[in-house]
1. What is the gain in length, in nm to one decimal, between V70 and L31 on full extension, counting 0.36 nm per residue of separation less the C-alpha to C-alpha distance?
2. How much space per residue, in cubic angstrom, does the convex hull of the C-alpha atoms of the range 68-139 take up?
3. With unit charges on the beta carbon (Lys/Arg positive, Asp/Glu negative), name the residue among V76, M139, H107 whose Cα is farthest towards the positive pole of the charge dipole of the range 74-168.
4. For the range 20-168, what number results from the quotient of the Cα radius of gyration and 2.2 N^0.38 Å?
5. Take the alpha-carbon positions of the range 105-168, form their convex hull, and give its projected area averaged over all directions (one quarter of the hull surface) in nm².
6. Just the number please: accessible area per residue for the chain, 1.4 Å probe, all protein chains included, in Å².
7. With an 8 Å Cα cut-off and a minimum separation of 6 or more residues, compute the relative contact order for the chain in percent.
8. Calculate what fraction, in whole %, of the accessible area of the chain sits on carbon and sulfur atoms when a 1.4 Å probe is rolled over the protein chains.
Amino acid sequence: MKKIIALSFICCSLFSCAQGEVPTEFTNASLNEKVTDLNGKEMKFSEVLKNQKGKVTVIEFWASWCSDCVKAMPKVKAMQAANPEVSYVFISLDKAFDKWKSGIEKHELSGEHYWINDERGMKGNFGKSIDLDWIPRYMIIDKAGKISIYRAIETDFEKIQATLNSLK
């Protein structure tokens, strides 16, 4: 019985450690996924990241239909005002191109904007490649292109701000 308890404890410990590992780089699968810009031009996600090289970047995955995303907009705008030197990239999971563009205008979002054209949304290839399980979801990329925060949600703005402060 003691061996079973000890083995269970070891397994749980290993599982906990594995869950705590946070990626510092994107997978090849996510880098090769396609996004669409405001002009309708399709490009790989790696190109979006390449354009951010040398900048601290906040990436927000969102959708105009997402009530949590809309509720978080004032915090996002406050974060932008407090951190004007940071680059902001918004990647939408809206179902339609026109809805996405309308959402940007309606919420007056400033930054770079891209759309994931996948009707499966979070369950699509791009969503799976970054373990997207909730929106809004925030990631922070440092100036070297490494992931500083892989998973943050709308309740994590203090954590996001602390990370931005550490990267200045």
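The values are calculated or read from the model by the stated rules, or taken from the named source; none is laboratory data. Treat the numbers as computed from the prediction; the structure is a model and nothing was measured. Counting neighbours? That spans all protein chains shown, and the Cβs are built from the backbone with ideal geometry, glycine included. For the accessible areas, the whole protein counts, side chains as well, though only heavy atoms, and no ligand, DNA or RNA atoms are used. Shrake-Rupley method; radii C 1.70, N 1.55, O 1.52, S 1.80 Å.
1. Values: separation 39, 0.36 × 39 = 14.04 nm, distance 2.71 nm.
Gain in length upon complete extension: 11.3 nm.
2. Details: hull volume 6.3 nm³, N = 72.
With only Cα atoms used, the range 68-139 gives 88 Å³ per residue.
3. M139
4. Working: Rg = 14.0 Å, N = 149, 2.2 N^0.38 = 14.7 Å.
So the Cα radius of gyration is 0.95 times the expected 2.2 N^0.38 Å.
5. Value for the range 105-168: 5.5 nm².
6. Details: 9630 Å² over 168 residues.
So the chain comes to 57 Å² accessible per residue, rounded to a whole number.
7. Values: 249 pairs, mean separation 46.0, N = 168.
Rounded, it is 27 percent for the chain.
8. Its accessible area is 57 percent carbon and sulfur atoms.
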